[in-house]
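Q: Before anything else, here's the structure in question.
The values are calculated or read from the model by the stated rules, or taken from the named source; none is laboratory data. All values derive from a computational prediction rather than experimental measurement. Cβ sites come from the backbone with ideal geometry, for glycine too, and all protein chains shown count toward neighbours. The accessibility values were calculated without ligands, DNA or RNA, using every heavy atom of the protein model including side chains. Shrake-Rupley method; radii C 1.70, N 1.55, O 1.52, S 1.80 Å.
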Amino acid sequence: MYKAIAIAAGIMMLVTSVVAQETTSRFEHHANLVGNTLNCSAVEVLGYNDYNGCKISDTYNIIDSCYMEIGDAKVVNIYHLAILSPDYNNGKKWDLYSDRVLLMKKGEDTFIYDNVISNEPIIDDGIIVPCERFFIPSEDENDGTFNQPCDFELAYVRGQGYKVGWNIAIQIREDKLYIVGLCVWEHNSDLTYTKRIAYEYETGKFPLDRFERSMIDQVRNDENPMQE
């Protein structure tokens, strides 16, 4: 299998607050994708930014992005992925954290997932956006979080000395994303205390669109959120 990657990594912001992830269905979602145009229905659109052929409302900031080529000797598919977060300083007061989006662009098609990126509040007057970033495991260095191979991970870290985080391992199959691993971990500064709880899944068994943000807390409580 052929895979090439490029990643434009955002700065991993470390925060100390611990906020439970809310169930996705409890939020009103404002992300509205029509064709290759993404709007946020809660605000008036003032302009658009282009992301590899996708028109994205300037309400959204690109927090992180990556580029992947996946295929074999016969066919190679190109994927552009981005993590989007609404601009906190837009004068609106609605609870916009649930409107963070994972976007995937493949060829002429655009797909969004509004159920996966962390909905924790922005802190320090909008400077720190506490949400996942892309992590691409190296096939050569075997530095992935899971035994199961994946195309990329959504990785979140918070804390300075004592750190807490989680990883969501994802495989791409044509135009679908599937979770193959969920891991929640924590450790103190000198690693004298560590805790790690992880679940892995066969490719195709756990579509990403079935994910709920609250599943991270289920893993933290040692509950498998996707029972066979």
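Q: Can you pull out every residue in the range 99-120 that is under 14 Å from His30 (Cβ atoms) and open to solvent by 30 Å² or more (accessible area, probe 1.4 Å)?
A: Residues satisfying the conditions are Ile112, Asp114.
Q: Could you please let me know if Val157 is closer than 17 Å to Asp143 by Cβ, modelled with pLDDT under 95 and open to solvent by 10 Å² or more (accessible area, probe 1.4 Å)?
A: Yes, satisfied.
Q: Still on this model: Restricting attention to the range 39-72, and to residues there that are within 18 Å of Asp151 (Cβ to Cβ) and aliphatic (A, V, I, L, M), which single residue is farthest from the chain's Cα centre (by Cα)?
A: Ile70
Q: Out of the strands (runs of 3 or more DSSP E) lying entirely within the range 24-84, which hold 3 or more residues that are open to solvent by 80 Å² or more (accessible area, probe 1.4 Å)? Before you say what the answer is, go through the steps one by one.
A: On the way: elements: 31-34, 37-40, 48-51, 54-57, 60-71.
Per the criteria, 48-51.
Q: If you don't mind, there's one more thing I want to ask. Just to be sure I understand the filter: pairs with C-beta atoms under 6 Å, separated by 6 or more residues or on different chains, first member in the range 142-153 and open to solvent by less than 30 Å² (accessible area, probe 1.4 Å), second member modelled with pLDDT of 95 or more and of a type in the set (Gly, Ala, Ser). Which pairs pass?
A: Once the first residue is open to solvent by less than 30 Å² (accessible area, probe 1.4 Å) and sits in the range 142-153, its partners that are modelled with pLDDT of 95 or more and of a type in the set (Gly, Ala, Ser) give Phe146/Ala169; Phe146/Gly181; Cys150/Ala169; Glu153/Ala169.
Q: Residues of the range 54-68 being closer than 17 Å to Leu102 by Cβ and free of Cβ contacts under 8 Å to residues at least 60 places away in the same chain, which ones?
A: Cys54, Ile56, Ser57, Thr59, Tyr60, Ile62
Q: In contact with a Cys (Cβ under 9 Å, 6 or more places away or on another chain) and under 18 Å from Asn115 (Cβ atoms) - does that describe any residue in the range 211-228?
A: yes
Q: Now, a different point. Surrounded by fewer than 16 Cβ atoms within 10 Å (Cβ to Cβ) and in a loop (DSSP other than H, G, I, E, B): is that true of Asp209 in this structure? Break it down into steps so the answer makes sense when it comes.
A: Details: surrounded by fewer than 16 Cβ atoms within 10 Å (Cβ to Cβ): yes; in a loop (DSSP other than H, G, I, E, B): no.
Spelling it out, it is not the case that Asp209 is surrounded by fewer than 16 Cβ atoms within 10 Å (Cβ to Cβ) and in a loop (DSSP other than H, G, I, E, B).
Q: Follow-up question, since we're still on this one. Under 6 Å between Cβ atoms, at least 6 apart or on separate chains: pull out the pairs that start in the range 189-200 with a residue that is of a type in the set (D, E, K, R) and assigned to a strand (DSSP E or B) and end on any residue that is modelled with pLDDT under 95 and open to solvent by less than 80 Å² (accessible area, probe 1.4 Å).
A: So the pair list comes out as Glu200/Phe146; Glu200/Gln148.
For every residue, the table says whether it meets (1) within 27 Å of Lys106 (Cβ to Cβ); (2) surrounded by 13 or more Cβ atoms within 10 Å (Cβ to Cβ); (3) touching a helix residue (DSSP H, G or I) at 6+ places or on another chain (Cβ under 9 Å).
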| position | (1), (2), (3) |
| --- | --- |
| Gln171 | yes, yes, no |
| Leu177 | yes, yes, yes |
| Cys183 | yes, yes, yes |
| Thr194 | no, no, no |
| Gly204 | yes, no, no |
| Met215 | yes, yes, no |
| Asn224 | no, yes, yes |
